[in-house]
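Written below as structure tokens is the structure these notes are about.
The values are calculated or read from the model by the stated rules, or taken from the named source; none is laboratory data. If you're wondering where the values come from, they're calculated on a predicted model, not measured in any experiment. No Cβ is skipped: glycine too gets one built from the backbone with ideal geometry, and neighbour counts run over all protein chains shown.
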Amino acid sequence: MHVLNWQNQRNFLETSQKAQEIAIKRYDITKKRFVLGKITITDLNLALQEKDRSVLQYLNSLENFWVDYYTLRRLTLYDFIENKKIEVNDILYN
């Protein structure tokens, strides 16, 4: 169950990263259009709010990803990055 949760979190992390990139690009374009006088301050504020919301969502996804990873690591006593079992010395001296 934890493995499936971690895999889902990894997929959600990728999706939220793409959403963040799109929101940042949208905000940059909206800001340029505002400077040119083509849109209102309300449109600029909406783009800024969406950008901030997407950045926060990405950071929350990143946190959940690593929490799930270390939970899985603790439950299995296996280091997936180093591809080895976690030994007592690894815990005591890290």
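Say we look at region 13-41 and pick out the residues that are touching a residue at least 40 places away in the same chain (Cβ under 8 Å) and crowded, with 16+ Cβ neighbours inside 10 Å; which of these is farthest from Asn64 (Cα to Cα)?
It comes out as Ser16.
Say whether the condition of being surrounded by 13 or more Cβ atoms within 10 Å (Cβ to Cβ), charged (D, E, K, R) and either outside any helix (DSSP H, G or I) or modelled with pLDDT of 95 or more (or both) is met by at least one residue in region 58-78.
No: region 58-78 contains no residue that is surrounded by 13 or more Cβ atoms within 10 Å (Cβ to Cβ), charged (D, E, K, R) and either outside any helix (DSSP H, G or I) or modelled with pLDDT of 95 or more (or both).
Sort out which residues of region 28-83 are under 23 Å from Trp6 (Cα atoms), basic (Lys, Arg) and over 20 Å from the mean Cα position of the chain (by Cα), and write them in order of number.
Across region 28-83, the qualifying residue is only Arg74.
Do we have any residue at all in region 44-57 that's touching a residue at least 24 places away in the same chain (Cβ under 8 Å) and hydroxyl-bearing (Ser, Thr, Tyr)?
Scanning region 44-57 turns up at least one residue that is touching a residue at least 24 places away in the same chain (Cβ under 8 Å) and hydroxyl-bearing (Ser, Thr, Tyr).
Go through Gln9, Gln49, Gln20 for me and flag whichever is touching an Asp or Glu at 6+ places or on another chain (Cβ under 7 Å) and in a helix (DSSP H, G or I).
Exactly one of Gln9, Gln49, Gln20 is touching an Asp or Glu at 6+ places or on another chain (Cβ under 7 Å) and in a helix (DSSP H, G or I), namely Gln9.
Test Leu72 against the stated conditions and say whether it is in contact (Cβ under 8 Å) with a residue 60 or more places away in the chain and either among the aliphatic types (A, V, I, L, M) or in contact with a strand residue (DSSP E or B) (Cβ under 6 Å, 6 or more places away or on another chain) (or both). First the steps, then the outcome.
Values: in contact (Cβ under 8 Å) with a residue 60 or more places away in the chain: yes; either among the aliphatic types (A, V, I, L, M) or in contact with a strand residue (DSSP E or B) (Cβ under 6 Å, 6 or more places away or on another chain) (or both): yes.
So Leu72 fits the description; yes.
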